[in-house]
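*Asks:* One structure coming up, written as structure tokens, with questions to follow.
The values are calculated or read from the model by the stated rules, or taken from the named source; none is laboratory data. Because the structure is a prediction, the values reported are computed rather than measured. Here Cβ is always computed from backbone atoms with ideal geometry, including for glycine, and neighbour counts include all displayed protein chains.
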Amino acid sequence: MLIVFDLDGTLIDSIGDLVIAVNRLVAERGGHPLPDADVARMVGEGALLLISRAFTASGVADDPVGALPRFIEIYDAVLPGTTRPYPGVADMVRALHAVAPLAVLTNKPTDATRKILAATGLDSCFVEVIGGDGPYPRKPSPDGLLALIASRRATPAKTWMVGDSTVDLRTAHAAGTRACIVRYGFGYQAFDHAEARLDDVFVDRPGEIVSLVRQG
């Protein structure tokens, strides 16, 4: 068995630091600040799309591609800031680490991902980490997930993809894995239930994921 986690909105509550970084960049480019809830709906498909959406919403006309390095610089300076694991996540990760290999598949840049995992003390529990700037297309492409499955000699049928958004659900469906969606994550605010299948699982607390895995 293999358990693959999304990062933002699944393992960690990072929205506060993302809002700070986005609004600092927007302010530098002459835009108006964005509310937390608006930024939360923009997260999940990589930093470039986050910047593009933020620029559009805040009235910034600059090129998001050219602004990406500056955003990464700002965000890296903010971290670890207020970013923390959701309540119960640390216990959940440690419990699952004892029974199955764990990995992280995120659209967040790899360096920021590793910095957060190290700062939160979760890094030692994950055998592999694939970020959005890695060798595979970003989610919802299944390529990164399938690579993790192959590297651990697992099978899609014995793999869980755990996330908080429609992007994570699409990734699981495309790879043929089991899908577990956490309703406590900020990405769930924009979740599209029309894409859910009868065998997709929804949970409200991290501890429920441990029970799922133990049930097989």
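*Asks:* Check whether at least one residue in segment 46-55 is assigned to a loop (DSSP other than H, G, I, E, B) and within 22 Å of SER165 (Cβ to Cβ), and report yes or no.
*Replies:* Start the filter on segment 46-55 by keeping residues that are assigned to a loop (DSSP other than H, G, I, E, B), which leaves 46.
Retained after the next criterion (residues that are within 22 Å of SER165 (Cβ to Cβ)): 46.
Yes, segment 46-55 has at least one match.
*Asks:* Another question, if that's okay. Could you give me the residue pairs with C-beta distances under 6 Å whose first residue belongs to segment 195-216 and is of a type outside the set (Lys, Arg), whose second residue is in a loop (DSSP other than H, G, I, E, B) wherever it lies, and which are 6+ apart or on separate chains?
*Replies:* Sorted first by the residue in segment 195-216, then by its partner, the pairs are PHE202/ARG183; ASP204/ARG183; PRO206/GLY88; GLY207/GLY88.
*Asks:* Condition check: part of a helix (DSSP H, G or I), over 27 Å from PRO156 (Cβ atoms), at pLDDT below 95 and in the same structural domain as ILE149 (by TED's automatic domain parsing). Does ASP91 satisfy that? Please lay out each step first, then the result.
*Replies:* Values: part of a helix (DSSP H, G or I): yes; over 27 Å from PRO156 (Cβ atoms): yes; at pLDDT below 95: no; in the same structural domain as ILE149 (by TED's automatic domain parsing): yes.
Against the criterion (part of a helix (DSSP H, G or I), over 27 Å from PRO156 (Cβ atoms), at pLDDT below 95 and in the same structural domain as ILE149 (by TED's automatic domain parsing)), ASP91 does not qualify.
*Asks:* Please go through segment 196-213 and give me each residue that is under 18 Å from the mean Cα position of the chain (by Cα) and of a type in the set (A, V, I, L, M), ordered by number.
*Replies:* Within segment 196-213, VAL201, VAL203, ILE209 meet the criteria.
*Asks:* Here is a further query. Quick one: in segment 56-86, of everything that is in a loop (DSSP other than H, G, I, E, B) and acidic (Asp, Glu), which residue is surrounded by the fewest Cβ atoms within 10 Å (Cβ to Cβ)? Full working, then the answer.
*Replies:* If we filter segment 56-86 for residues that are in a loop (DSSP other than H, G, I, E, B), which is where we start, we get 59-63, 79-83, 86.
Remaining after also requiring acidic (Asp, Glu): 62-63.
On the way: ASP62: 16, ASP63: 11.
For segment 56-86, the residue satisfying everything is ASP63.
*Asks:* Sticking with this one: Quick test of your reading of the structure: LEU48 fulfils all but one of (1) in contact with an Asp or Glu (Cβ under 7 Å, 6 or more places away or on another chain); (2) at pLDDT below 95. Name the failing condition by number.
*Replies:* Just one mismatch for LEU48, condition (1).
*Asks:* SER124 - would you say it is polar (S, T, N, Q), part of a helix (DSSP H, G or I) and closer than 17 Å to VAL19 by Cβ?
*Replies:* Taking the combined requirement at face value, the residue does not satisfy it.
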